[in-house]
Amino acid sequence: MKDILFKYLPEHAVAIVYELIKTHQVHLKIVNERTTRHGDYRKNQDGSHAITVNANLNKYRFLITTIHEIAHLVAFQKFGRNIKPHGIEWKQTFRLLMLPFINPSIFPNEVLPVVANHFKNPSASSDTDAILAMTLKKFDAPNQNVFVDEIPQGSFFRMKDGRVFKKGKLRVKLFECLEISTNKVYLFKPNAEVELVNVK
């Protein structure tokens, strides 16, 4: 398992993550990309713990996702199964588990302050934090996707489900975008990943 982790994690994070996996007897499964989630945790009927993490994540997002899921396990063990999945107990647990990783031997200088700021009050998904999501994307494998925030107003873009939108104006923190086929307006986060397209 340790050898496999070197492929997916920052080098200096491997030993700490491996110890967490051993200590909590986690079965870690690395799976193909799922568009709805980066990872998940479940307790099996036999009492064992299973965590899945998407294989396509860059090493920094893989680390954050793995600790996110281990935090669910630890929080449920410590506080009981009746806590909210992303409530105060989980936030506290996630923050404590991440502390050893928030250092320059693991995260690059451009990422470290963004990660440190995020973990003052971690959210249910790292994608919810637009600044963190956009910072982490710099380390993804190259693809055709861009952030809604990066494209000019009036541009057309396609979602993964094939729907095409026209980017509109910023309303507080969200962009108003018009769906071409229905003429309905939807709100998009700045860090929504989309594909820029030409519409005639």
Residue match in the stretch 147-154 (condition: surrounded by 15 or more Cβ atoms within 10 Å (Cβ to Cβ), within 16 Å of the chain's Cα centre (by Cα) and within 24 Å of Arg171 (Cα to Cα)): yes
Residue in the stretch 128-136 that is under 12 Å from the mean Cα position of the chain (by Cα), of a type in the set (Asp, Glu) and open to solvent by 50 Å² or more (accessible area, probe 1.4 Å) present: no
Selection from the stretch 80-123 of residues that are surrounded by 14 or more Cβ atoms within 10 Å (Cβ to Cβ) and charged (D, E, K, R): Glu89, Lys91, Arg95
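Collect the residues in the stretch 161-200 that are of a type in the set (S, T, N, Q) and either closer than 24 Å to Pro142 by Cα or in contact with a Gly (Cβ under 6 Å, 6 or more places away or on another chain) (or both), keeping them in residue-number order.
Initial filter on the stretch 161-200 (of a type in the set (S, T, N, Q)): 181-183, 191, 198.
Of everything in the stretch 161-200, those that are of a type in the set (S, T, N, Q) and either closer than 24 Å to Pro142 by Cα or in contact with a Gly (Cβ under 6 Å, 6 or more places away or on another chain) (or both) turn out to be Asn191, Asn198.
Of the residues Ala50, Ala13, Ala71, only one is out of contact with any Asp or Glu (no Cβ under 8 Å at 6 or more places or on another chain) and in contact (Cβ under 8 Å) with a residue 60 or more places away in the chain; which? I'd like the intermediate steps shown before the answer.
Working: Ala50 fails: in contact (Cβ under 8 Å) with a residue 60 or more places away in the chain; Ala71 fails: in contact (Cβ under 8 Å) with a residue 60 or more places away in the chain.
On inspection, the qualifying residue turns out to be Ala13.
Evaluate the stretch 142-160: report whether one residue or more is out of contact with any Ser or Thr (no Cβ under 7 Å at 6 or more places or on another chain) and touching a residue at least 60 places away in the same chain (Cβ under 8 Å).
So the first thing to find is which residues in the stretch 142-160 are out of contact with any Ser or Thr (no Cβ under 7 Å at 6 or more places or on another chain), and the list is 142-159.
With touching a residue at least 60 places away in the same chain (Cβ under 8 Å) added as a condition, the list becomes none.
The answer is no, given that none of the residues of the stretch 142-160 is out of contact with any Ser or Thr (no Cβ under 7 Å at 6 or more places or on another chain) and touching a residue at least 60 places away in the same chain (Cβ under 8 Å).
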Single condition Ser105 does not satisfy, out of (1) at pLDDT below 95; (2) more than 24 Å from Thr52 (Cβ to Cβ): (1)
Whichever residue in the stretch 148-184 is of a type in the set (A, V, I, L, M) and within 22 Å of Asp127 (Cα to Cα) and, among such residues, is modelled with the lowest pLDDT: Val172
Residue within the stretch 76-95 that is touching a residue at least 24 places away in the same chain (Cβ under 8 Å) and in contact with a strand residue (DSSP E or B) (Cβ under 8 Å, 6 or more places away or on another chain) present: yes
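The values are calculated or read from the model by the stated rules, or taken from the named source; none is laboratory data. All figures in this text were calculated on a predicted structure; none of them were measured in a lab. Using ideal geometry, Cβ is built from the backbone for each residue, glycine included, and neighbour counts are taken over all protein chains shown. Please note that ligands, DNA and RNA were not included when accessible areas were found on the heavy atoms of the full protein model with its side chains. Shrake-Rupley method; radii C 1.70, N 1.55, O 1.52, S 1.80 Å.
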